[in-house]
Structures are given as structure tokens and as C-alpha cells.
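The structure appears right after this line, and notes come after that.
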Amino acid sequence: MGPALLPENLARLRKPAALDVVNNGRVATQMPAFKDVLDADKLQQVVDYIYSTPETMPSWNDDMIRASRKTLTTEKPGSEPSFNADLENVFVVVESGDHHVTILNGDTFEVITRFKSHFALHGGPKFTRDAHFVYFASRDGWVSKYDLYNLRFVSEVRVGINTRNIAVSDGGEYVIAANYWPHSLVVLDGRDLSLIKTIDVTSLEGESSRVSAVYHARSRQSFVAALKDVPELWEIPYDLKQPSPPTMPKRIVMNAILDDFFFSPDYEKVMGATRPLDSGTSGEIGTGQVVDLTLGRKVADLDLPGMPHLGSGISWQYEDRMIMASPNLRDAEVSIIDLENWQTIKRIETKGPGFFMRSHEKTPYAWVDVFFGPHKDKIHIIDKSTLEMVRTLQPEPGKTVAHVEFTKDGQFALVSVIENEGALIVYDANTFEEVTRLPMSRPVGKYNVYNKTHLSTGTSH
Ligand code: DHE
């Protein structure tokens with residue numbers, strides 16, 4: 001579940017900082033504190049161990065990628081959904097407690113099917129525009145293609161040892177995976193997950209880098225990659241007419257490392273932030289910037305305190321302009337930023353740092369969780385027209401609640417109790433009354449087909 005702890009991946013973290021992480025855990029990750037478990041000597045040994053080069057470096061090359069690929073069904077796919085439900089209002093729910101996925105009917109809140117996934121799926125599943133197929137990535141490198149019409153896996157391939165996420169073109173032509181180990185982007189043919197190309201990730205200065213995440217910029221026919229260790233942003237265009245796959249990155253050289261992204265609704269601008277916890281980095285730390293993808297350069301600085309989670313940002317129309325809201329992984333606040341002049345227009349105080357934020361075009365509210373600290377069992381509701389907090393829910397005292405997703409019509413909000421014996425709670429999105437509760441195993445994320453395939457500004461894509 002954790003990142004590959006190899007010396008090459010720890011260049012940005014100084015040893016004293018690593019010792020602090022082993023002692024006290026690391027905010028916004030699943031790394032626990034070990035100071036009450038190990039004595040000082042053993043804590044130091046752990047740190048020395050992770051900085052030592054293994055006798056054999058773990059490798060994952062093109063031959064291994066090709067050899068790992070499996071076709072999981074040879075049956076001809078049916079050309080429409082095989083079940084009786086509105087496909088557009090179906091939810092894909094990732095349950096990380098027992099590593100399963102549930103396909104849920106968003107009208108009746110009945111389970112259509114539930115199946116085992118690879119270990120530790122991470123990042124949102126990615127749908128084709130027609131929602132026929134959905135692709136999953138696991139932290140240990142597996143990419144799987146699932147047929148939502150026929151409710152079965154189609155194929156899978158292992159693209160790396162430590163993978164972050166995937167992005168998929170609208171028609172499922174191309175799938176691209178971002179890796180922490182090896183330092184690569186892996187381009188697949190989305191039809192059968194066969195390998196098109198592995199792109200080694202090395203800066204102009206010759207420095208190798210992890211890839212934090214990769215995103216699909218639909219309107220630009222390109223993929224955009226956030227690099228973890230070097231101050232470059234990569235855009236990898238493709239052309240479906242030629243056809244020309246996404247194999248040739250264009251680089252935008254930055255003055256800081258930006259490894260957490262939010263895209264303006266037209267995908268022309270990227271808001272990027274540096275995760276400030278990585279002390280000892282090259283470039284500035286703790287900065288936020290706006291990059292214009294067409295101009296290929298920074299166009300503004302952002303005033304973002306703490307550790308903004310831009311990847312969970314959402315946007316909406318406020319008065320006469322578009323604004324974005326970002327939770328913060330370290331500070332107890334939500335930042336509201338004007339998308340025209342990039343100024344922070346409001347900071348909304350919360351009960352603690354939050355992970356995920358959600359809204360929908362058809363609801364007047366935005367919901368944000370309090371993932372960390374003593375108020376992890378609370379979820380805030382913000383009025384989008386006043387930018388004031390109007391309610392705080394506490395669905396189950398003491399249990400972590402997080403990650404909201406709306407039904408296709410925005411009338412219901414689904415909230416997770418992220419515990420092994422957790423639940424999915426359905427709220428009426430107008431009255432905030434609980435409608436029903438479905439037991440689930442750590443349902444860490446849920447994804448509504450319509451909201452995702454129509455790029456709702458209230459959710460991430
Ligand atoms: Fe995530 C999405 C990075 C920890 C659950 N997470 C993402 C994305 C990125 C990211 C870049 C967007 C990719 C996408 O959707 O394609 N996550 C990181 C981190 O850097 C961080 C802080 C540290 C790490 O361990 O990697 C981190 N993430 C976590 C967790 O600890 C969570 C809560 C539990 C888990 O299973 O790992 C977690 N991340 C998620 C979820 C999404 C996600 C559920 C998809 C959100 C969505 O609604 O689209």
C-alpha cells in the first residue's frame with residue numbers, strides 16, 4: 001500500500017525527516033507512527049535500511065509487462081447493458097477493506113454485482129465516454145479493464161511495481177499509467193491492454209523522477225503528467241486521426257516541483273502545488289502556481305497555505321465568475337480561489353484537515369470531509385452561493401466518514417464510513433436526512449457514471 005521505499009525515491013527526503021516519519025507517521029498517508037512500537041535503535045535501523053541499496057534492484061521491464069498481460073474473457077461483448085438499470089446512474093464503489101468492487105444501482109441503491117479486485121486499488125476508476133468499459137489501477141501495478149455492459153473483466157496487465165493512477169482517452173483507445181517504480185509512464189492500447197510504449201521519466205537535466213499522477217485533458221487530446229522529483233510538467237499529446245499514440249512528451253520547465261494538480265474546466269490551465277512535507281527538495285517548496293498549457297509557462301502564483309489537496313478540488317459558478325474550492329490535507333480550512341484572477345477570495349474554517357470535496361451542478365451545496373484528527377467523523381456542508389458552512393453531519397460518532405459522490409440528478413449524496421466494517425450512507429442532498437445505509441468494507445471511493453463521463457465540475461475526473 002505504501003510507496004516503494006528505495007534510495008532513488010527518497011532523494012527528496014533527508015534522513016532526519018525520514019526518522020521523524022517512522023516515529024510519528026506521515027500526514028495524509030496510511031503510514032502509522034512507530035515510536036510506541038520500536039525503540040530508538042530499531043527506529044534508526046529502519047531508516048538506515050530504507051536508504052540502503054538492495055542487492056538486486058526490483059525491476060519491471062517491457063518483457064515483464066508483456067508477459068503479465070492476461071485476456072480474461074474471449075466472449076464477444078454484448079452491445080448494451082445486460083442488467084436492468086440506468087447505466088448513467090450506476091456507481092462503481094471501491095471497497096478497499098476486502099479489495100472488492102461493488103456496482104450499485106443509483107436509482108434503487110441495490111447492488112447489481114460485487115467482485116474481487118486487485119489489491120489496493122488507488123485513484124478513481126476511469127470510464128470510457130460511453131461507459132461501456134471502466135479501468136482500474138492498483139498500487140502494486142495492475143491495470144484491469146472491466147466491461148460494465150456485461151459485468152466481467154476483459155483483460156489485465158501489470159505495468160509496474162508501484163503505480164499511482166491511470167488516465168484513459170474517451171473511446172478507450174489509450175490507457176496511460178503513472179509509476180513511482182520504475183520511474184515511468186506506461187502507454188497501453190486500451191482495447192486489449194497490450195503495451196505500446198514505456199516512457200522513461202528523466203528531466204532535461206538527466207535526473208530520473210517518479211510520476212505523481214497522470215490526467216486526461218480531453219479537450220486538448222493529451223495526457224498531462226505531474227512529476228514528483230523534478231521541476232517539469234509533461235504533456236503527452238495524441239492524435240486519433242493519424243493515429244498517433246501518446247509517446248512523445250512535451251516538457252514545461254518550472255521553477256518548482258508541482259506534484260498535485262487541479263485543471264480549469266476547459267483544461268487549458270493547471271493549478272499545481274508542491275507537497276511541502278518533502279523537505280530538502282530542489283526548487284521551491286510549499287508553493288502553488290498556475291500553468292498555461294498552451295503558453296507552456298507559469299501565469300500566476302497561488303496563495304495556498306498548508307498542504308492543499310488540489311486533486312480533490314471542485315469548481316462552480318459563484319456570482320459572475322467561476323471559482324474553485326480545495327480541501328487541505330494539513331490545515332483546517334477550505335480555500336476558495338477565483339479562477340479568473342487566481343486570488344484566494346475566502347478561507348472557510350473547518351473542524352480539521354480534509355481529503356475529499358464534492359458537489360454537483362444541480363445542488364446548491366458542496367460537501368467536504370474532515371478526514372484527520374478528532375473530528376474525522378464529521379462532514380461539512382457549504383452553501384455555494386454564500387460560501388458559508390450551513391451544516392455539519394456526524395453520521396457515526398468515532399468512525400471516519402469521507403468521500404461524497406452525488407447521483408446523476410444531484411438529489412442524493414453518497415457518503416462513506418471508511419472502516420473495515422463500514423457503510424455507504426445515502427443522504428437526501430436537500431434535507432440532509434439519511435435515506436438508507438448499505439454495509440460495505442471500507443468503501444474508500446464511489447464514482448457515478450454520469451458525473452464522471454460528463455466531467456461534472458463537482459467531481460474529479
Ligand atoms: Fe489518493 C485519488 C494521490 C493517499 C484514496 N490520490 C488520488 C489521486 C492522486 C492521489 C494523485 C488522483 C488520481 C486519480 O484519481 O486518477 N493519495 C495520493 C497521495 O499522494 C496520498 C496523499 C499519499 C499516498 O499514499 O499515495 C494519497 N489516497 C490516499 C489514501 O490514503 C486514501 C484515502 C486511501 C487509499 O486507498 O489509498 C486515498 N485517492 C484515494 C481515492 C482517490 C484518490 C479514493 C479517488 C478520488 C476520486 O474521487 O476521484
Taking region 1-57 and dividing mean pair separation by its residue count, relative contact order in percent (alpha carbons under 8 Å, at least six apart): 40
Accessible-area composition of the chain, carbon plus sulfur, in percent [1.4 Å probe]: 49
Accessible area of His122 in the full protein assembly, 1.4 Å probe (Å², nearest 10): 60
Length added when fully stretched, Asp170-Ala11, from 0.36 nm per residue minus Cα-Cα: 53.6 nm
Selection of GluC sites (Glu not before Pro), region 313-383, meeting DSSP coil and at most 12 other Cβ within 10 Å: Glu319, Glu340
Dipole magnitude of the chain about its Cα centre (Cβ charges: Lys, Arg +1; Asp, Glu -1), debye to nearest 20: 560
Mean Cα-pair separation over length for the chain, i.e. relative contact order, pairs under 8 Å, 6 or more apart, %: 10
Gap separating the Cα centres of region 295-333 and region 109-170, nearest whole Å: 28
Accessible area of Asp320 in the full protein assembly, 1.4 Å probe (Å², nearest 10): 120
Rounded to the nearest 20 debye, dipole of region 1-57 from Cβ charges on Lys, Arg, Asp, Glu: 240
Cleavage-rule hits (trypsin sites (Lys or Arg not before Pro)) in region 174-261: DSSP loop, at most 10 neighbouring Cβ within 10 angstrom: Lys241
Gain upon complete extension [Leu38, Met322; 0.36 nm per residue less C-alpha separation]: 97.2 nm
Estimated FRET transfer efficiency (Asp130, Lys346; beta-carbon r; R0 51 Å; 0.05): 0.85
Rounded to the nearest 10 Å², the accessible area of Phe412 at probe 1.4 Å: 60
Sites Asp266 and Thr74, calculated FRET efficiency, Cβ-Cβ separation with R0 41 Å, nearest 0.05: 0.50
Shape category assigned to the chain from the gyration tensor of Cα positions, a/c cut at 1.5: rounded
Residues of region 353-461: accessible area per residue with a 1.4 Å probe, Å²: 35
Loop sites in region 374-461: GluC sites (Glu not before Pro), DSSP, at most 13 other Cβ within 10 Å: Glu421, Glu433
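The values are calculated or read from the model by the stated rules, or taken from the named source; none is laboratory data. Note that the structure is a prediction, hence the values are computed from the model and not measured. Every residue, glycine as well, gets a Cβ built from its backbone with ideal geometry; the counts of neighbours run over all protein chains shown. For the accessible areas, the whole protein counts, side chains as well, though only heavy atoms, and no ligand, DNA or RNA atoms are used. Shrake-Rupley method; radii C 1.70, N 1.55, O 1.52, S 1.80 Å.
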